[in-house]
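A.B. asks: Starting off with a structure, shown below.
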Amino acid sequence: MPPLQGITVLAIEQAIAAPLCTRQLADLGARVIKIERPDVGDFARHYDTRVKGQSSHFVWTNRGKESLTMDLKSGSGRHLLDRLLEQADVLVQNLTPAAAKRMGLGYEELSNHYPQLILCNISGYGSSGSYANRKAYDLLVQAEAGLLTVTGLPDTLVKSGISIADIAAGTQAHAGILAALIQRGKTGRGACLDISMLEAMVEWMGFPLYYAYEGAEPPLRTGADHASIYPYGLFTSQQDDVIMLGVQNQREWQHFCEQVIEQPQLFSDSRFVTNAQRSANRQILKNLIQDAFSRSSTDVIISKLDTAKIAYAQVNHLNQVWNHPQLRELKRFVEVASPGGAIETLLPPVHNSEFGPVTGEVPKLGQHTESILAELGLSEEEIQNLQEQSVI
């Protein structure tokens, strides 16, 4: 039995952070009811049409959920939300703090009526403070959290290629909700969780922040190379295949010099004796290694790296990741249904010996509206009236 079977989560969510959080709860067996605006839905549904006519962002973060369309600004919609809250264990929402307050979705008000409810607020900058009601998109938070200053090349700031601030917040929210469910099992009471994208992103910035502690110089922007460990970066073979190399200690450095590039004298070279010296003289060392790699085929380099037990990786394009031999051998891809047809999806990365993950279909907009309202006791006529009034 999945661990969250019997847990009901209401999700008033858009974009990535909150949907990723609730999708992970659905993977663990929770019933997730996603409340969307009638006719429009979560705006992430319309970011692109890359997956059989559907948004790549949406299919990634919304499998296994039920879609309920409802106008929460209407009196009837708010009444229906209250009835759903009576049966819910968790409410996840990423409205702005001001919008949540206007809708009466603050924790004080909700906890008075639903003392066992766990409320999880996901925002850009937090529920208070001068930034509370600023618009917060992933790239903006990357900038505020300092990520751009440590990513890229010396003269070029570069963003992360994925929605890293959203992912950080969604992951922290998921963990926080699981902890709150355990806590509720002990106390019988719900809780209010406030998670901001800014705080989650700054938590992930721990290394560069401490590297620059008390005004010290921050890490250099070094492209795909590691900022403080070397040789740790990209090199190309004779066939121009790109290999990511990672040498992290003296033993590996010695083996690399002797067995891979076959230049044992470099191990005792005063310019490269310690990691700090290798990093300080990285351009000289990079040229020496690249010269050696340029004279060898990819297969020969990889064979030597394997023999010397040096960490490396091949730089895969995305089509290669879809067909990655290790993921396929581990059987990590399964098919799920979606409005555009069956699609492949990656199973959750945590393997649990006691249960299998729940990987439900990607819902079409409003797919479960009528069935959910029927569960609440509404008749066909009442549901039809709500449709005519554009409440659902």
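The values are calculated or read from the model by the stated rules, or taken from the named source; none is laboratory data. From a predicted model like this one, the values you see are computed outputs, not experimental measurements. All Cβ positions, even for glycine, are placed from backbone atoms using ideal geometry, and neighbour counts span all protein chains on display. All accessible areas refer to the heavy atoms of the entire protein, side chains included, with ligands and DNA or RNA removed. Shrake-Rupley method; radii C 1.70, N 1.55, O 1.52, S 1.80 Å.
A.B. asks: Got a sec? Charge dipole of the chain, +1 on Cβ for Lys and Arg, -1 for Asp and Glu; which of CYS257, GLN238, GLY41 is way out at the positive end?
C.D. replies: CYS257
A.B. asks: Ratio of region 63-103's C-alpha Rg to 2.2 N^0.38 Å, to two decimals?
C.D. replies: Working: Rg = 11.2 Å, N = 41, 2.2 N^0.38 = 9.0 Å.
Cα-based Rg divided by the globular estimate yields 1.25.
A.B. asks: I would also like to ask the following. Using a 1.4 angstrom probe on the protein heavy atoms only, line up GLU262, GLU252 by accessible area, largest first. Can you show the working numbers first?
C.D. replies: Working: GLU262 115, GLU252 25 Å².
Largest to smallest exposure gives the sequence GLU262, GLU252.
A.B. asks: Over region 316-385, what number does the Rg to Rh ratio reach, with both radii from the alpha-carbon atoms and Rh per Kirkwood?
C.D. replies: On the way: Rg = 18.4 Å, Rh = 15.4 Å.
Reported Rg/Rh (Cα atoms, Kirkwood Rh): 1.19.
A.B. asks: Out of LEU28, MET1, ALA169, whose Cα points farthest toward the positive end of the dipole of the chain (charges: +1 Lys, Arg; -1 Asp, Glu; placed on Cβ)?
C.D. replies: So the residue we want is ALA169.
A.B. asks: Round to the nearest 10 and report in Å² the accessible area of LYS135, as given by a 1.4 Å probe over the protein chains' heavy atoms.
C.D. replies: Accessible surface of LYS135 is approximately 150 Å².
A.B. asks: While we're here: Over the Cα atoms of region 153-254, each weighted equally, I'd like the Debye log10 I(q)/I(0) at q = 0.13, 0.14 Å⁻¹, rounded to two decimals.
C.D. replies: Once normalised to I(0) and log-transformed, intensities are -0.74, -0.81.
A.B. asks: Out of all Cα-Cα pairs in region 34-149, roughly what percent, to the nearest whole number, are more than 22 Å apart? Display every interim value, and only then the final one.
C.D. replies: Working: 3068 of 6670 pairs.
In whole percent, the long-distance tail amounts to 46.
A.B. asks: Could you list which residues have their amide H under 5 Å from that of SER123, counting only those 5 or more apart in sequence or on another chain, with H placed in the peptide plane?
C.D. replies: For SER123, whose amide H was placed from the backbone, the distant partners under 5 Å are ILE195, SER196, MET197.
A.B. asks: Just to be sure I understand the model, the point goes 7 Å from the Cα along the line to the Cβ. What's the resulting GLN183 to ASP48 distance in nm?
C.D. replies: Label at GLN183, label at ASP48, 3.8 nm between them.
A.B. asks: Right, next: Measuring from a point 7 Å past the Cα of SER160 along Cα-to-C-beta, which residues in region 187-231 have an amide N at less than 18 Å?
C.D. replies: The answer is 195-211, 219, 221-227, whose backbone nitrogens lie closer than 18 Å to the label point.
A.B. asks: By accessible area of protein heavy atoms, probe 1.4 Å, what ranking do TYR114, TYR137 get, highest first? If you can, show how the numbers build up before the last one.
C.D. replies: Working: TYR114 35, TYR137 130 Å².
Putting TYR114, TYR137 in descending order of accessible area: TYR137, TYR114.
A.B. asks: Can I get the semi-axes of region 112-162's equivalent ellipsoid? Compute them from the C-alpha gyration tensor as square roots of 5 times the eigenvalues, in angstrom, largest first. Kindly include the intermediate steps, with their values, before the conclusion.
C.D. replies: Numbers: eigenvalues 225, 30, 11 Å².
In descending order the semi-axes read 34, 12, 7 Å.
A.B. asks: Magnitude of the Cβ-charge dipole of region 229-352, K/R +1 and D/E -1, about the Cα centre, nearest 20 debye? Provide the component values of the computation, followed by the final result.
C.D. replies: Working: 11 positive and 12 negative charges, 69 e Å.
Computed about the Cα centre, the dipole is about 340 debye.
A.B. asks: Which percent, to the nearest 5, of DSSP beta bridges fully inside region 1-137 are antiparallel?
C.D. replies: Bridges in region 1-137 are about 5 percent antiparallel.
A.B. asks: Put a dot 7 Å past each Cα toward the Cβ at ASP241 and LEU140; how far apart are the dots in nm?
C.D. replies: Each label point is offset 7 Å from its Cα along the Cβ direction, giving 4.5 nm.
A.B. asks: Please list, in chain and number order, the residues 5+ apart from ALA15 or on another chain whose amide H is under 5 Å from its amide H, with Hs placed from the backbone.
C.D. replies: Residues meeting the amide H criterion: PHE43, ALA44.
A.B. asks: Also: In nm, what is the difference between 0.36 nm times the number of residues separating THR307 and MET1 and their Cα-Cα distance?
C.D. replies: Working: separation 306, 0.36 × 306 = 110.16 nm, distance 4.42 nm.
Gain on extension, THR307 to MET1, equals 105.7 nm.
A.B. asks: With 24 Å as the limit, write out which pairs from LYS73/LYS135; LYS34/LYS101; LYS34/LYS186; LYS159/LYS309 have Cα-Cα distances beyond it, or answer none. Provide the component values of the computation, followed by the final result.
C.D. replies: Details: LYS73/LYS135 21 Å; LYS34/LYS101 20 Å; LYS34/LYS186 28 Å; LYS159/LYS309 33 Å.
As for pairs spanning more than 24 Å Cα to Cα, those are LYS34/LYS186; LYS159/LYS309.
A.B. asks: Please report the antiparallel percentage of the DSSP beta bridges confined to the chain, to the nearest 5. Intermediate values should be presented prior to the final figure.
C.D. replies: On the way: 16 of 40 bridges.
Of the beta bridges lying entirely in the chain, close to 40 percent run antiparallel.
A.B. asks: Report, to two decimal places, the Cα Rg of region 128-204 normalised by 2.2 N^0.38 Å (N = number of residues). Each step should come with its number before you reach the end.
C.D. replies: Details: Rg = 15.6 Å, N = 77, 2.2 N^0.38 = 11.5 Å.
Dividing the Cα Rg of region 128-204 by 2.2 N^0.38 Å gives 1.36.
A.B. asks: Could you calculate, for the chain, the ratio of the Cα radius of gyration to the Kirkwood radius, expressed as Rg to Rh? If you can, show how the numbers build up before the last one.
C.D. replies: Values: Rg = 25.6 Å, Rh = 24.1 Å.
Rounded to two decimals, Rg over Rh is 1.06.
A.B. asks: Right, next: Cα centroid distance between region 88-153 and region 1-47, in Å?
C.D. replies: Using only Cα atoms to place each centre, the spacing works out to 16 Å.
A.B. asks: On to the next question. Report relative contact order for the chain in percent, whole number only (criteria: Cα-Cα under 8 Å, sequence separation at least 6). Write out the running numbers ahead of the final one.
C.D. replies: On the way: 662 pairs, mean separation 75.5, N = 392.
Relative contact order, the chain: 19 percent.
A.B. asks: Now for a different question. With charges set only on the Cβ (+1 for Lys and Arg, -1 for Asp and Glu), what does the dipole of the chain come to about its Cα centre, in debye to the nearest 20? Mind showing how you got there, number by number?
C.D. replies: Details: 33 positive and 43 negative charges, 109 e Å.
Using only the charged Cβ atoms, the result is roughly 520 debye.
A.B. asks: Just want the answer: with Cβ charges of +1 for Lys and Arg and -1 for Asp and Glu, which residue in SER353, LEU266, SER294 is farthest toward the dipole's positive end in region 238-367?
C.D. replies: After comparing all options, I get LEU266.
A.B. asks: Next question. If I take R0 = 35 Å and measure r between the Cβ atoms of SER268 and TYR211 in this structure, what FRET efficiency does the formula 1/(1 + (r/R0)^6) give, to the nearest 0.05? Walk me through the intermediate numbers first.
C.D. replies: Numbers: r = 29 Å, r/R0 = 0.82.
Working from the Cβ atoms, E equals 0.75.
A.B. asks: Can you figure out the FRET efficiency of ALA98 with GLU375, using R₀ = 25 Å and their beta-carbon distance, to the nearest 0.05? Don't skip to the end; give the middle numbers.
C.D. replies: On the way: r = 32 Å, r/R0 = 1.28.
Efficiency, rounded to the nearest 0.05: 0.20.
A.B. asks: Return the tail of the calculated pair distribution for region 216-270, meaning the percent of Cα-Cα pairs more than 15 Å apart. Can you show the working numbers first?
C.D. replies: Details: 863 of 1485 pairs.
Cα-Cα pairs in region 216-270 separated by more than 15 Å: 58 percent.
A.B. asks: Which residues does a label at LYS364 reach in region 23-48, if reach means a backbone N under 20 Å from a point 7 Å past the Cα toward the Cβ?
C.D. replies: 33-48
A.B. asks: I've got another one for you. Taking the Cα centre of region 131-282 as origin and charging only Cβ (+1 Lys, Arg; -1 Asp, Glu), how large is the dipole, in debye to the nearest 20?
C.D. replies: On the way: 11 positive and 16 negative charges, 132 e Å.
Here region 131-282 has a charge dipole of around 640 debye.
A.B. asks: Which percent of the Cα-Cα distances in region 5-66 go past 19 Å?
C.D. replies: Numbers: 496 of 1891 pairs.
Percentage above 19 Å: 26.
A.B. asks: If you take the C-alpha gyration tensor of region 238-392, multiply each eigenvalue by 5 and take the square root, what semi-axes do you get, largest first, in whole Å? Please list the in-between numbers first.
C.D. replies: Working: eigenvalues 666, 56, 48 Å².
Over the Cα atoms of region 238-392, the semi-axes work out to 58, 17, 16 Å.
A.B. asks: While we're here: How large, in percent, is the carbon and sulfur part of the accessible surface of region 285-372 at a probe radius of 1.4 Å? Present the calculation step by step, with values, prior to reporting the outcome.
C.D. replies: Values: 2880 of 5410 Å².
On region 285-372, the fraction of accessible area on carbon and sulfur atoms equals 53 percent.
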